[in-house]
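What follows is a set of notes on a single structure, which appears directly below.
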Amino acid sequence: MEYQIVEAVAPASSANLGSGFDVFSVALEALKDSVRVEVGDERGIRINVKGIGSNIIPTDPERNTAGVTAKTLLKLSKRNVGLKIEIYKGVRPGSGLGSSAASAAATAVALNKALGLNMARTELIEIAAMGEVASAGVAHADNVSSAILGFFNLVRSYDPLRVVNMRLPENAGFAIAIPNIYYNTGRARAILPRKVSLSDLTCNVGYASTFIAGIALKDVNLMGEGMKDRIIEPARARLIPGLKHVKEAALNAGAAGVTISGAGPSIIALVNTDRADMKEVAKAMREAFREKGIKSDVICSRTGPGAQIVRAE
Ligand code: HSE
């Protein structure tokens, strides 16, 4: 069955979680992008973007994650139609919260329905990940996995793409600070080391394993221990003035673990909500950024479901 107008929403997400570079991610239910697709006779793909940071998002379909995703799906559908895509941004672009992935995921899920493609969600992840090339310069699937599947995801293989979807313990919550710092993901990837030492690798494998053990044992504090990172975070630290100070503030306010969210500049703290208050942790992070002369917005969020259709006609 095909539809002319479909609307879908997809959540923000936080990738890496410290030790899981390009592998771990979590869907954040507090922030969403919304996408409306309309199938029509006029050929081509037209994109219109509204909402937070829409002024910096390219509307050229070749340079827009949703546009690249739409182009692939339209080609697969073999239909001789055009598309109008309206994106409403609830996730600030360039914040490290999977903004482009949320738009790509909502577009993929909406078009899968509109064009009657009946593709599995795991197939849509692969297509939406290709859309990420438009914004990050490389097809990483961590954010789109969570934007499409929701909850926690682990990309266990890139070729072929395989994702493990898991639920976090119920007492896991997140406090996130989104500072007024701007750089693009391409820059945040360009500064990463091309080689790593064996001792740093050993540490990070230990941290990543600890994080997954924490999920398996429903131990949020253990998960927090696993959010440390000897490789990526030290390289990116210079992009985020105040990172060390904000991390310390979050831990002092009771966070179980804290790290850069995705490529940054947002900082994400994991909170054991049986033991500490997400709002207090968020407040401490905002205050710590303020002490360094940087304004920030803060949010608290649990994990939640992936992209959902909200209208189809
Ligand atoms: N895993 C990616 C990175 C996320 O850290 O570059 C970017 O959105």
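Would you say residue 115 is out of contact with any Asp or Glu (no Cβ under 7 Å at 6 or more places or on another chain), assigned by TED's automatic domain parsing to the domain that holds residue 150, over 24 Å from residue 17 (Cα atoms) and crowded, with 20+ Cβ neighbours inside 10 Å?
no
Inspect all residues belonging to the range 124-134 and state whether any of them is over 21 Å from residue 263 (Cα atoms), at pLDDT 95 or above, in the same structural domain as residue 15 (by TED's automatic domain parsing) and more than 15 Å from the chain's Cα centre (by Cα).
Yes, the range 124-134 has at least one match.
Cβ-Cβ distance below 8 Å, separation of 6 or more or different chains: which pairs start in the range 245-265 with a residue that is within 14 Å of residue 288 (Cβ to Cβ) and end on one that is hydroxyl-bearing (Ser, Thr, Tyr) and within 16 Å of the ligand (Cβ to nearest atom)?
Cβ pairs passing all conditions: 247/259; 265/95; 265/182; 265/183.
Could you check the range 60-70 and list, in sequence order, the residues that are assigned to a helix (DSSP H, G or I) and polar (S, T, N, Q)?
Let us first name the residues in the range 60-70 that are assigned to a helix (DSSP H, G or I), namely 61-63, 65-70.
Within the range 60-70, 65, 69 qualify.
All but one of (1) within 16 Å of the ligand (Cβ to nearest atom); (2) under 21 Å from residue 27 (Cβ atoms); (3) among the basic types (Lys, Arg) hold for residue 302; which doesn't?
(1)
Yes or no: residue 198 loosely packed, with under 14 Cβ neighbours inside 10 Å, more than 19 Å from the chain's Cα centre (by Cα) and not assigned by TED's automatic domain parsing to the domain that holds residue 25?
When the stated conditions are applied, residue 198 passes them.
Could you go through the range 76-90 and let me know if any residue there is closer than 27 Å to residue 215 by Cα and more than 13 Å from the chain's Cα centre (by Cα).
Scanning the range 76-90, I find no residue that is closer than 27 Å to residue 215 by Cα and more than 13 Å from the chain's Cα centre (by Cα), so the answer is no.
Is at least one residue of the range 26-33 open to solvent by 50 Å² or more (accessible area, probe 1.4 Å), of a type in the set (A, V, I, L, M, F, W, C) and assigned to a strand (DSSP E or B)? Before you say what the answer is, go through the steps one by one.
Our first condition is that a residue be open to solvent by 50 Å² or more (accessible area, probe 1.4 Å); within the range 26-33, this holds for 29-30, 32.
Now drop any that are not of a type in the set (A, V, I, L, M, F, W, C), which leaves 30.
When the remaining residues are screened for being assigned to a strand (DSSP E or B), the result is 30.
Scanning the range 26-33, I find at least one residue that is open to solvent by 50 Å² or more (accessible area, probe 1.4 Å), of a type in the set (A, V, I, L, M, F, W, C) and assigned to a strand (DSSP E or B), so the answer is yes.
Could you look through the range 295-310, keep only residues that are over 21 Å from residue 178 (Cβ atoms) and within 15 Å of the chain's Cα centre (by Cα), and pick out the one that is surrounded by the fewest Cβ atoms within 10 Å (Cβ to Cβ)? Spell out the reasoning first.
Filtering the range 295-310 down to residues over 21 Å from residue 178 (Cβ atoms) leaves 305-310.
Narrowing the set further to residues that are within 15 Å of the chain's Cα centre (by Cα) leaves 305-307.
Numbers: 305: 13, 306: 26, 307: 31.
Restricting to residues being over 21 Å from residue 178 (Cβ atoms) and within 15 Å of the chain's Cα centre (by Cα), the top hit is 305.
Here's a check for you: in the range 139-160, which residue that is outside any helix (DSSP H, G or I) and within 14 Å of the ligand (Cβ to nearest atom) is nearest to residue 303 (Cα to Cα)?
Ranking the qualifying residues of the range 139-160, first place goes to 153.
Collect the residues in the range 275-293 that are of a type in the set (A, V, I, L, M) and either touching a helix residue (DSSP H, G or I) at 6+ places or on another chain (Cβ under 9 Å) or open to solvent by 90 Å² or more (accessible area, probe 1.4 Å) (or both), keeping them in residue-number order. Talk me through it step by step, then tell me what you get.
If we filter the range 275-293 for residues that are of a type in the set (A, V, I, L, M), which is where we start, we get 276, 278, 281-282, 284-285, 288.
Residues satisfying the conditions are 281, 282, 284, 285, 288.
Test residue 163 against the stated conditions and say whether it is of a type in the set (A, V, I, L, M) and either more than 16 Å from the ligand (Cβ to nearest atom) or open to solvent by 20 Å² or more (accessible area, probe 1.4 Å) (or both).
yes
Results for (1) assigned to a helix (DSSP H, G or I); (2) open to solvent by 10 Å² or more (accessible area, probe 1.4 Å); (3) not assigned by TED's automatic domain parsing to the domain that holds residue 269, shown as yes or no for each residue.
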{"residue": "23", "(1), (2), (3)": "no, yes, yes"}
{"residue": "39", "(1), (2), (3)": "no, yes, yes"}
{"residue": "50", "(1), (2), (3)": "no, yes, yes"}
{"residue": "58", "(1), (2), (3)": "no, yes, yes"}
{"residue": "72", "(1), (2), (3)": "yes, yes, yes"}
{"residue": "88", "(1), (2), (3)": "no, yes, yes"}
{"residue": "96", "(1), (2), (3)": "no, yes, yes"}
{"residue": "102", "(1), (2), (3)": "yes, no, yes"}
{"residue": "108", "(1), (2), (3)": "yes, no, yes"}
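The values are calculated or read from the model by the stated rules, or taken from the named source; none is laboratory data. Remember, predicted model here, so these are calculated numbers, not experimental data. Counting neighbours? That spans all protein chains shown, and the Cβs are built from the backbone with ideal geometry, glycine included. Heavy atoms of the whole protein, side chains included, go into the accessibility calculation; ligands, DNA and RNA do not. Shrake-Rupley method; radii C 1.70, N 1.55, O 1.52, S 1.80 Å.
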